[in-house]
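**Q** Sending over a structure as structure tokens; questions will come in a sec.
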């Protein structure tokens, strides 16, 4: 069994390398060294220096319309561009080592692909942002888009079985297997109760409370904010500090600038949380829960018979796993 697995992995590697030589689709383009951006410590976004160069001008990179992402681009500065490229053989080799039973390893591997295959820039700005400035909400959607351009000729198509809840026109429920494409994916539906607080000016949620005589802000977490928070919690545990379980769920939504989120700022924020008015703590907790409950990972389509929407959970009931996205499944005869 081990020899068979080795042969499959070898054949898959040879297939990808052949695609590199034939189409040059997976060759890794040189990437400019990201420059540090000024921490967004104020309430407004500081304009960047003017430039006419777009990130999508490089033929290796494809522009991603922000309105097509789960965030709809609402939490990025005006003029933000996200460009992606196909994954290279070396990156797919790294992906193949993912341990799907280790949540942290899965998280790190997803970030690895985002780091290597995504670029972020503000149109008209000379400085590149980093992959950590990407909204955590958009991460998996970008992974699927990268997968699609990595395997443009259906070499690693992912299929899901759909069954209409019925009843259909002829009383016989429609069922079929369809290839999963990125427009079929759903990751969040923002509740109206939450969106009433969205501020287009500050690209976050702005809450003005007359009862508390205070204005405060809630931010959709970036990949960098989640990564930094995880590191800060790990360090706090190593220092023997008690972790506040009531604070951890809301903490990612309180980080405005991941670059300046030091260990001291983590401790200050955790301590400050105890001094909040009970109304503020309850509001933030309920607000975050509404956002978390609105999140989903679904793949859907419409029944061709009756037009009813049909959906199924992504990964858990779809017949494939996250590892299958970049690691070619199937028998040897399908690889050559």
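**Q** Within region 253-280, list the residues whose amide N lies under 13 Å from a label point set 7 Å along Cα→Cβ of residue 235.
**A** Under cut-off, by backbone N: 259-269.
**Q** Using the number of other C-beta atoms within 10 angstrom as an exposure proxy, rank 296, 220, 195 with the fewest first.
**A** Lowest count first: 195, 296, 220.
**Q** For region 160-217, what is Rg from Cα atoms divided by 2.2 N^0.38 Å, rounded to two decimals?
**A** Normalised Rg, Cα atoms only: 2.06.
**Q** I've got another one for you. Give me 142, 290 ranked fewest to most by other Cβ atoms within 10 Å of their Cβ, as a rough exposure proxy.
**A** Listing 142, 290 from fewest to most nearby Cβ atoms yields 290, 142.
**Q** Now for a different question. Could you line up 88, 96, 275 from fewest to most neighbouring Cβ atoms inside 10 Å?
**A** So the residues, fewest neighbours to most, are 275, 96, 88.
**Q** Thinking of region 159-319 as a set of Cα atoms, what percent of all their pairs are more than 20 Å apart?
**A** 63 percent
**Q** Right, something else. In Å, what is the Rg of the alpha-carbon atoms in region 105-201, and how long is Dmax?
**A** 18.7, 60
**Q** OK, next. Counting C-alpha atoms alone, how compact is region 90-137: give Rg to one decimal and Dmax as a whole number, in angstrom.
**A** Gyration radius and largest Cα-Cα distance of region 90-137: 13.2, 43 Å.
The numbers here are math on the coordinates, done by the rules we state, and not lab data. Note that the structure is a prediction, hence the values are computed from the model and not measured. Cβ sites come from the backbone with ideal geometry, for glycine too, and all protein chains shown count toward neighbours.
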